[in-house]
Amino acid sequence: MLDTSEVDHLPAMRHAVGQAAALLKSLANEDRLLILCQLCAGECCVSELEALVDVRQPTLSQQLAVLRSESLVATRREGRHIFYRIEDKRALLVINVLHQMFCEPEEKT
């Protein structure tokens, strides 16, 4: 039987779950995840990102537009260059955990 306090928290939990699912959906694309991984080291312009992630410019621009529309990255313009950086701190936390899980060498126990 559900406690009434558990039922009272359900709308907030549903909202939080929706936000988490949206973030995970954004991260589920390999190109977007790779872009965000590179941006963890600091902001980059499009030409730098293109070289770092080995994704062709049209695809890179499309994925950056998705990340920008979902407020995961922010931009700043300097002359003709647009620099991207991670804007969403929650995304940064998730990427750091993924990095620890999949990119760092396992410790020998």
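Structure notes:
- Listed candidates (1) 32, 19, 11; (2) 29, 12, 12; (3) 31, 16, 12 - label of the one calculated as semi-axes √(5λ) of the Cα gyration tensor in Å: (1)
- A 1.4 Å probe run over the protein chains yields, for the chain, 74 Å² of accessible area per residue, whole-number rounding.
- Multiplying the residue separation of Ala21 and Leu98 by 0.36 nm and subtracting their alpha-carbon distance yields 26.1 nm.
- Mean Kyte hydropathy of 0.0 or more with a Cα span along the axis of at least 24 Å, helices from DSSP in the chain: 10-27
- Rolling a 1.4 angstrom probe over the chain with all protein chains present gives an accessible area of which 56% lies on carbon and sulfur atoms.
- GNM remark for the chain: springs join alpha carbons under 10 Å apart, and the peak mean-square fluctuation among Glu43, Glu70, Glu30 falls on Glu30.
The values are calculated or read from the model by the stated rules, or taken from the named source; none is laboratory data. Given the structure is predicted, the values throughout are model-derived calculations rather than measurements. Ligands, DNA and RNA are stripped out before the accessible areas are found, and what is left, the full protein with its side chains, is counted by its heavy atoms. Shrake-Rupley method; radii C 1.70, N 1.55, O 1.52, S 1.80 Å.
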